[in-house]
Amino acid sequence: MQTETYLRVNVVSGLVGAGKSSVALTLGRQPFALTTSVSDALRTVLTEVADAVPAGRGEACAIDVFVEAPTAVGPLEIASSLVETGDSPERLANGHAVRLGDLITVLDAERFWADLRSEALAPVPEEHDVNFSDTHDDPDRTVGDVLIEQVEWASIVVINKTDLVHARDAADIRDFVRLLNPASHVVFAEHGRGSAEGWPVSRRDMFAWLQRSPGWVRQLNGDALLSRSPQGLICVVYRDVRPFHPLRLAEFFRDRAEESGEILRSRGLFRLATRPSTVGSWSSAGPTITFEPTGMQSHDPDSPLGQEIAFFGRDLNARLLSANLDACLLTDAEFLAGPMFWNTLADPFPAWVLESAA
């Protein structure tokens with residue numbers, strides 16, 4: 001039987017200075033820089049490796065290639081492009097099919113918490129990065145947003161530079177990673193050097209698996225493996241069927257968001273009373289929060305009845321957090337007054353532009 005030789009593309013992500021190249025080199029691979037587009041990068045990789053791969057017979061053979069992602073582009077976005085490339089008619093080059101391998105995120109242990117709490121704006125794709133320049137046009141996207149995305153959409157997380165922090169601090173980062181992405185494989189490293197032994201075999205269904213992996217999804221589904229760490233990291237899930245009063249919710253963020261402890265990450269679905277037909281996406285990373293419309297409508301069978309939000313933080317007072325959020329909901333009288341009344345409520349949040357209306 002002819003050998004099925006395929007190119008398994010592993011994406012290495014991380015903030016500038018985290019040690020992406022060092023980690024890839026430790027694994028015995030020179031990473032290819034992804035500077036233009038996934039498809040162009042794959043053509044370059046295929047050209048360089050194809051002649052070096054001998055023909056053979058037997059079981060399927062994987063050629064591992066490591067692509068170093070630019071900081072401005074999220075790992076899931078690159079994975080999606082890789083899947084599309086792999087499924088396209090042009091996926092074969094010199095007999096090699098393209099498959100998605102691991103999404104590896106490299107963290108700087110010394111800077112992790114400062115980066116997470118940073119309000120500095122994230123880099124944006126260069127103008128020549130035509131495949132990506134339109135995907136992250138949010139001018140308020142921060143370094144913390146990028147860091148959270150890289151952790152949540154990773155199959156392997158390398159906590160690098162552990163020699164520069166105390167062992168307890170490295171373990172604290174590990175526990176936070178396990179809260180945000182319990183399905184990931186976590187590795188400690190020094191100067192990019194860490195043991196690759198025991199790494200799990202790359203999954204055939206990696207893309208679909210990644211979409212089920214984020215900790216907030218698992219917390220809301222009730223199948224999370226961890227909800228509290230020994231050093232006080234915790235996840236609190238908030239649910240209620242009533243929609244939020246927009247003005248009260250805005251006042252919560254202005255006056256009471258920090259009363260119950262430091263919220264490091266929150267993610268979920270929510271409803272504003274003034275926008276009853278659309279389910280909103282709630283997402284915070286460090287000090288910033290983003291509300292956006294989803295494609296889900298109120299009548300969709302998979303839509304939540306009200307609020308479903310997972311809060312990750314340190315020493316969070318679950319009872320106080322829930323009480324403060326309860327105070328942002330419509331009262332019983334307001335709820336019974338119905339949508340016509342809800343539309344008269346003050347709403348200080350920016351308008352949502354739905355794709356259908358664009």
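The values are calculated or read from the model by the stated rules, or taken from the named source; none is laboratory data. Keep in mind that this is a model prediction, so the values were computed, not measured. Glycine also receives a Cβ, built like all others from the backbone with ideal geometry; neighbour counts cover every protein chain displayed. Keep in mind that these areas ignore ligands, DNA and RNA; they rest on the heavy atoms of the full protein, side chains included. Shrake-Rupley method; radii C 1.70, N 1.55, O 1.52, S 1.80 Å.
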Taking R0 as 45 Å, what's the FRET efficiency between Trp199 and Thr344 from their Cβ-Cβ distance, rounded to 0.05?
0.20
Just the number please: accessible area per residue for segment 293-358, 1.4 Å probe, all protein chains included, in Å².
60 Å²
Can you tally the net charge around Thr331? Count Lys and Arg as +1, Asp and Glu as -1, for every other residue whose Cβ sits under 14 Å from the Cβ of Thr331.
-2
Going from most exposed to least, what order do Leu210, Leu121 have by accessible area with a 1.4 Å probe?
Leu121, Leu210
Accessible surface of Phe335 - all protein chains present, 1.4 Å probe, nearest 10 Å²
80 Å²
Could you calculate the FRET efficiency of Gln231 with Leu305 from 1/(1 + (r/R0)^6), where r is the beta carbon distance between them and R0 is 51 Å, rounded to 0.05?
0.90
On the protein heavy atoms, probe 1.4 angstrom, tell me the percent of accessible surface of segment 137-287 carried by carbon and sulfur.
48 percent
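Order the following by accessible area, largest value first: Arg193, Arg314. Probe radius 1.4 Å; ligands, DNA and RNA are ignored. Walk me through the numbers on the way to the answer.
Working: Arg193 155, Arg314 50 Å².
The residues order as Arg193, Arg314, largest area first.
Applying 1/(1 + (r/R0)^6) with R0 = 30 Å to the Cβ-Cβ distance of Arg256 and Leu354, what FRET efficiency is obtained, to the nearest 0.05?
Working: r = 30 Å, r/R0 = 1.01.
Efficiency for this residue pair is about 0.50.
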Name the residues whose placed amide hydrogens come within less than 5 Å of the amide hydrogen of Val237, ignoring near sequence neighbours (fewer than 5 apart) on the same chain.
Phe311
